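The values are calculated or read from the model by the stated rules, or taken from the named source; none is laboratory data. It should be emphasised that the depicted structure is a prediction, and the values quoted were computed from it without experimental measurement. Reconstructed Cβ throughout: ideal geometry from the backbone, glycine too, with neighbour counts over all protein chains shown. These accessible areas exclude ligands, DNA and RNA; they are computed on the full protein's heavy atoms, side chains included. Shrake-Rupley method; radii C 1.70, N 1.55, O 1.52, S 1.80 Å.
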Amino acid sequence: WYQRRVREAVVSTQSTGSSGINAEYGDHFLHHLIANISLGLFSYGDMKILVLLILVLVGVVFSYSEPLRKVKPAVKERGGSCHIKMDKLLTKYSKCSFKGFEGTLGCPYIKRPQEMKHHLYRTCLKTDEWLDSCGYTCKVNGHWNEFSAWSECSKSCGGGVIKRKRKCDNPMPSNGGNECVGEAEETLACNEDPCPVNGKWSNFGPFSECSAVCGGGTMVKERSCDNPAPAYGGDNCKGESAVTKSCNKKKCRG
């Protein structure tokens with residue numbers, strides 16, 4: 001009977017892999033084995049058989065309990081599934097982060113100079129494990145860094161712009177967190193006063209009529225400094241505004 005039971009136990013163990021003898025069959029077999037060992041001990045007194053039975057019992061107990069020792073208990077979700085308890089867990093976890101608990105989920109936390117009390121730390125650690133078992137990854141919303149210095153004005157006069165920029169990296173958004181709200185670049189007007197305008201000559205006009213019909217006269221042609229006219233402190237035109245030449249040089253009669 002023992003040989004048959006041992007063979008059945010071995011076959012059951014091999015067929016189930018690392019799971020060992022199943023609980024129901026294992027309990028039933030162990031109860032019978034212990035009872036028969038006790039019966040053999042007091043009835044037959046055969047030490048060889050008893051030693052053999054004890055060794056079999058130890059081996060079976062070891063194979064039966066080994067898988068149980070290797071299985072890591074799953075993190076329990078108190079009161080229901082993840083989606084039901086998530087709000088409550090996150091509320092707990094935010095309080096832990098506020099009190100200085102760093103955790104393993106990469107969530108922002110406030111550094112405190114004093115250590116957390118042991119019981120509070122254990123509670124926060126358990127909450128951390130629950131959230132991790134639910135597949136939660138901490139959302140980090142983006143925050144702006146400081147603006148850079150203003151750039152130089154794009155123009156020296158006549159209206160330009162200056163710029164400054166900032167980056168959304170304090171911290172950067174991650175794990176589905178929100179992007180920074182607002183503009184990454186600011187501009188301002190600068191050097192809005194008009195630029196100086198230097199005067200330039202227009203083209204000469206035609207010569208005027210001769211100032212005398214005989215005896216020598218003059219003709220004049222003129223130009224204006226209005227192409228463009230000087231403005232906003234610009235320079236005047238250089239050169240003469242009029243040109244003259246002689247005309248009707250013949251002596252008058254009489």
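Below, the figures for the structure above:
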| read-out | value |
| --- | --- |
| Around T244: net Lys/Arg minus Asp/Glu count, Cβ-Cβ under 11 Å | 0 |
| Rounded to whole Å, sorted largest first: equivalent-ellipsoid semi-axes of region 113-254, Cα gyration tensor | 88, 13, 6 |
| Spin-label model distance (nm) - I110 vs C190, 7 Å beyond Cα toward Cβ | 4.0 nm |
| Summed side-chain charge close to T104 - residues other than T104 whose Cβ falls under 14 Å, Lys, Arg +1, Asp, Glu -1 | -3 |
| Mean accessible surface per residue for region 101-254, computed with a 1.4 Å probe while every protein chain stays in place, in Å² | 74 Å² |
